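**Student:** So that we are looking at the same thing, I have put the structure below in structure tokens.
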Amino acid sequence: MADKASSSQGGGAAPVADSPAAIRNVVLVGPSGAGKTTLVEALLVASGVLSRPGTVVDGTTVCDCDDAEIRQQRSVGLALAPLPHNGVKVNLIDTPGYADFVGELRAGLRAADCALFVLAANESIDEPTKALWQECDRVGMPRAVVITKLDHARANYENALSAAQDAFGDKVLPLYLPAGTGLVGLLSQTQYEYDRGKRSTRAPDPQYADQLEELRGTLIEGIIEESEDESLMERYLGGEEIGQDVLVEDLEAAVARGSFFPVIPVCSGTGVGTMELLEVATSGFPSPPEHPLPEVFTPHGVPRNKLDCDPNGPLLAEVVKTTSDPYVGRVSLVRVFSGTIRPDTTVHVSGHFTSFFGAANSHADHDEDERIGTLSFPLGRQQRPATTVVAGDLCAIGRLTHAETGDTLSDKADPLLLKPWTMPEPLLPIAVQAHAKTDEDKLSVGLQRLAAEDPTLRIEQNPETHQIVLWCMGEAHSDVVLDALANRYGVTVDTVELRVPLRETFGGKAKGHGRHVKQSGGHGQYAVCDIEVEPLPQGSEFEFVDKVVGGSVPRQFIPSVEKGIRAQMEKGVGAGYPMVNIRVTLLDGKSHSVDSSDMAFQMAGGLALREAATATKVNLLEPVDLVSVLTPDELVGSVMSDLSGRRGRLLGTERVGEDRTLVKAEVPQVEITRYAIDLRSLSHGAASFTRAFSRYEAMPDSAVQRMKASVS
Ligand SMILES: Nc1nc2c(ncn2[C@@H]2O[C@H](COP(=O)(O)OP(=O)(O)OP(=O)(O)O)[C@@H](O)[C@H]2O)c(=O)[nH]1
Ligand SMILES: [Mg+2]
């Protein structure tokens, strides 16, 4: 952990940027295992921050510093690693590639102005990788493609490059050619040799001349096609030699627009390509002032004029990650969009998830002034003190007790609110309970803290089933949550069978007799009632009809009978689920002038309903959701037959884009409790879905039997 990591960490002072133009916020995006975290190590070594790289396997990297990451040997959260290069501070933001952690990726995309899309030279491009590319597209993120693991036994750089071009388009074009133990720059026409991490340059070896010529031509044409100077293509085709300065300028403009994706081959093990990557990041990528700021509102939701990335402007910052540690307390990782943050000042914290995403997100709105404690520039887990943090930079703030991920920090005299980035919806429900009853309070504190850190975790206290349900992104995400509860908050948690809130109703008309008579000694109790119960259509809830004649049930006790019946309905009469959709008619009864009471008639009402239930069939109603599955066209058949197998009723399909279909169906909730996992495996991560409660429907006998069998 921290002490292990320190063996490779330089531990020097953090690089400091005094102006936004001297900062690059670069997020690493790519499939799990592509080599992002390892690449960060190599870049930290190349820039002198580390003397030697840590490894993911040993748990000694800067970015995989969380206990769960060390145990799982993969990233589960975003991590920051700043480095200096050529007078520029590069904030590398490592993100996890696994789909469950897409929330962390989105936070990383929000914090960054440009991305390195990391692919491994020994892997093909699968659906989850395409989904990551789309995540970048969705926010218009400028990016370069890094093809890493050049040294892998099964590496095939050419295949990896053409797979990337097939998947992401012909504007994915290499800037370098791998050559022996180095690279050849296609624009600079220089060979870069690496020897034990040290780079030297020379004229390209003749054996690369043909390849260089061909790839250079394609690159130059690609850049010129993107140029805003329309005369350039004509001049180029006319045989004019276009100057490297012009090409580099056009290339940078096209990268910043997100319409051109230079490819850089890299080997983290030998360091090949790391210097080239740092050069592209510092001289070719947009700086914070070139990246549009998110929309700004007042805390009352009134739109405000857009701000600039100006250190002298009003303070505007956003919490992109929150960690809480029983010893250090809460640490908020913050991206500063405007203004300057200084320690020991008071800021306004605005959290308005409900206004933007509705009440179901389990994050209460809040607005408060809080004092900034420590200010630091983290390197993974290591916190290095900071004195001022200017617009465009990233830093960590200690002990903001109320700030949650996605909250806005602003000047207390001029409170502002940023619309948070789009959070993915957790769709895997996991029911849990504290292993020991005495741990229930600890569990609720732990869950509250985890929800503040992680907007993709939704906590539901189901009032009907009395279960605590953790809505997670997938099994890997739920493992991380349970791991944190056990290791950070000391609560052992058992996962239990998820109970879906069913309802009961009457299958037919039935009569019931309720007799609550106790007359032995003291004050007696006397109440008798006769009722008739009949089923009503869906959504009718409850009707009570009084047909008592001649005062057999005295007036004042008629509401008591109704109250008793309602109380029994809440508890149910069969399997213990609330009862709905019935009409109860009170027909007759008996009373006693002394012993009858409100309570006695309530009891009699409940008894009458229970007796009526024995005279007919009690049916179960189950919640049915509207499920919308977005799938590639070729999987529509499999998705549909899988939904039918879940007792789904297909409602129709809709074309989306060129090769996707939206399949809509109504599916009982009991059949889709693990659909988040099943759909991912059925589609290899290519399909996604949403669900929304639609209504209650009669549960068929076969499903009731199956449910009973699985519970017993
Ligand atoms: N041969 C070789 N192996 C590498 C290289 N880079 C990374 N690896 C190995 O690939 C595995 C995955 O690397 P990571 O850096 O954890 O990959 P990641 O992209 O951060 O993965 P996630 O955190 O799950 O998204 C590790 O075992 C690394 O040692 C490389 O350049 N060459
Ligand atoms: Mg990683």
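Coordinate-derived values only; no laboratory data. Since the structure is predicted, the reported quantities are computational estimates derived from the model, not experimental observations. So basically every Cβ, Gly included, is an ideal-geometry build from the backbone, and we count neighbours across all protein chains shown.
**Student:** With every atom except the alpha carbons ignored, what do you get for Rg and Dmax of region 363-424, in angstroms?
**Tutor:** 12.9, 35
**Student:** Please rank Arg503, Arg583, Arg695, fewest neighbouring Cβ atoms within 10 Å first, as an exposure proxy.
**Tutor:** Arg695, Arg583, Arg503
**Student:** Something else now. With only alpha-carbon atoms in the gyration tensor, what are the semi-axes of the equivalent ellipsoid for region 429-496, in Å, largest first?
**Tutor:** Each semi-axis is the square root of five times an eigenvalue, giving 16, 15, 11 Å.
**Student:** State the extension gain, in nm to one decimal, for the chain segment bounded by Met599 and Leu237, taking 0.36 nm per residue of separation less the distance between their alpha-carbons.
**Tutor:** So the chain would gain 120.7 nm between Met599 and Leu237.
**Student:** Give me the lysines in straight-line cross-link reach of Lys708: C-alpha distance below 30 Å, same-chain residues under 8 apart excluded.
**Tutor:** Result set, ordered by chain and number: Lys437, Lys509, Lys511, Lys571, Lys617, Lys664.
**Student:** List the lysines whose alpha-carbon lies under 23 Å from that of Lys419, not counting same-chain residues fewer than 8 positions away?
**Tutor:** Of all the lysines, those that pass the test against Lys419 - Cα under 23 Å, at least 8 places apart if same chain - are Lys306, Lys321.
**Student:** Using +1 at the Cβ of each Lys and Arg and -1 at the Cβ of each Asp and Glu in the chain, identify which of Tyr696, Ala600, Ile264 lies farthest towards the dipole's positive end.
**Tutor:** Ala600
**Student:** Can you give the Rg and Dmax of region 52-188 based on its C-alpha atoms, in angstrom?
**Tutor:** Cα only, region 52-188: 15.7, 44 Å (Rg, Dmax).
**Student:** Quick one: Cα convex hull volume of region 503-616, Å³ per residue?
**Tutor:** Cα-based convex hull of region 503-616, divided per residue, equals 89 Å³.
**Student:** In degrees between 0 and 90, to the nearest 10, how far off the longest principal axis of the chain does helix 102-111 point, with axes built from Cα atoms?
**Tutor:** Tilt relative to the chain: about 50 degrees.
**Student:** From the backbone phi of region 300-305, what are the Karplus-calculated ³J(HN,Hα) couplings (6.51 cos²θ - 1.76 cosθ + 1.60, θ = phi - 60°) in whole Hz, Gly and Pro given as x?
**Tutor:** Going residue by residue, I get 8, x, 7, x, 10, 4 Hz, with x marking Gly and Pro.
**Student:** If we count other beta carbons within 10 Å of each Cβ, what is the order of Met699, Met640, Met233, fewest first?
**Tutor:** Ordered by Cβ neighbours within 10 Å, fewest first: Met233, Met640, Met699.
**Student:** Report, in whole Å, the centroid distance computed from the Cα atoms of region 37-69 and region 247-270.
**Tutor:** Computed from Cα coordinates, the inter-centre distance equals 24 Å.
**Student:** Moving to a separate point now. Inverting the mean 1/r over all pairs of different Cα atoms, compute the Kirkwood radius of region 620-711 and quote it in Å.
**Tutor:** Across region 620-711, the inverse of the average 1/r is 13.6 Å.
**Student:** Once the convex hull of the alpha carbons of region 670-712 is built, what does its volume come to per residue, in cubic angstrom?
**Tutor:** Output value, Cα hull per residue: 94 Å³.
**Student:** In addition: For every helix of n ≥ 4 consecutive DSSP H residues, a contribution of -39,500 (n - 2.57) applies; sum these over the chain, divide by its total residues, and give [θ] at 222 nm rounded to the nearest 500 deg cm²/dmol.
**Tutor:** Helix contribution divided over all residues of the chain: -8000 deg cm²/dmol.
**Student:** Follow-up question, since we're still on this one. According to the square roots a ≥ b ≥ c of the eigenvalues of the Cα gyration tensor, what is the shape class of region 296-418, taking rounded for a/c under 1.5, prolate for a/b larger than b/c otherwise, and oblate for the remainder?
**Tutor:** Since a/c reaches 1.5 but b/c is at least a/b, the shape of region 296-418 is classed as oblate.
**Student:** In addition: Taking the convex hull of the alpha carbon atoms in the chain, what volume per residue do you get, in Å³?
**Tutor:** Per residue, the Cα convex hull of the chain comes to 204 Å³.
**Student:** Taking the 0 to 90 degree range and rounding to the nearest ten, how far is the long axis of helix 558-571 tilted relative to the main principal axis of the chain, both from C-alpha atoms?
**Tutor:** The two axes meet at around 40 degrees.
**Student:** Using the Kirkwood radius over C-alpha pairs as Rh, can you work out the diffusion coefficient of region 249-338 via Stokes-Einstein at 25 °C, viscosity 0.890 mPa s, in µm² per second?
**Tutor:** 147 µm²/s
**Student:** Over region 318-456, what is the relative contact order in percent, taking alpha-carbon pairs closer than 8 angstrom and at least six residues apart?
**Tutor:** Answer for region 318-456 is 30 percent.
**Student:** Fewest Cβ neighbours within 10 Å first, please rank Glu276, Glu543 accordingly.
**Tutor:** Fewest to most other Cβ atoms nearby, the residues stand as Glu543, Glu276.
**Student:** So for region 139-200, what percent of the C-alpha to C-alpha distances run longer than 20 Å?
**Tutor:** 36 percent
**Student:** I've got another one for you. From the C-alpha gyration tensor of region 415-543, pull out the three semi-axes of the equivalent ellipsoid (sqrt of 5λ each), sorted largest to smallest, in whole Å.
**Tutor:** Taking √(5λ) for each Cα gyration eigenvalue gives 45, 23, 15 Å.
**Student:** Out of region 144-228, which trypsin sites (Lys or Arg not before Pro) are coil in DSSP terms and have no more than 10 other C-beta atoms within 10 Å?
**Tutor:** When the trypsin sites (Lys or Arg not before Pro) of region 144-228 are filtered for loop state and at most 10 Cβ neighbours within 10 Å, Arg154, Arg196 remain.
**Student:** Using r as the Cβ-Cβ distance of Arg371 and Asp137, and R0 as 35 Å, what FRET efficiency do you calculate, to the nearest 0.05?
**Tutor:** E(calc), rounded to 0.05, equals 0.30.
**Student:** Determine, for each peptide in 548-554, 676-682, the mean count of other beta carbons within 10 angstrom over its residues, then list the peptides with the highest first.
**Tutor:** Order by mean packing, descending: 676-682, 548-554.
**Student:** Dipole of region 536-651, Cα-centred, from +1 at each Lys and Arg C-beta and -1 at each Asp and Glu C-beta, to the nearest 20 debye?
**Tutor:** Using only the charged Cβ atoms, the result is roughly 380 debye.
**Student:** Would you mind getting the Kirkwood hydrodynamic radius of region 467-547 from its Cα pairs, rounded to one decimal in Å?
**Tutor:** 18.6 Å
**Student:** Can I ask one more? Expressed as a whole number of Å, what is the distance separating the alpha-carbon centroids of region 559-614 and region 118-175?
**Tutor:** 67 Å
**Student:** Got the relative contact order for the chain handy, in percent, Cα pairs under 8 Å and 6 or more residues apart?
**Tutor:** So the answer I get is 10 percent.
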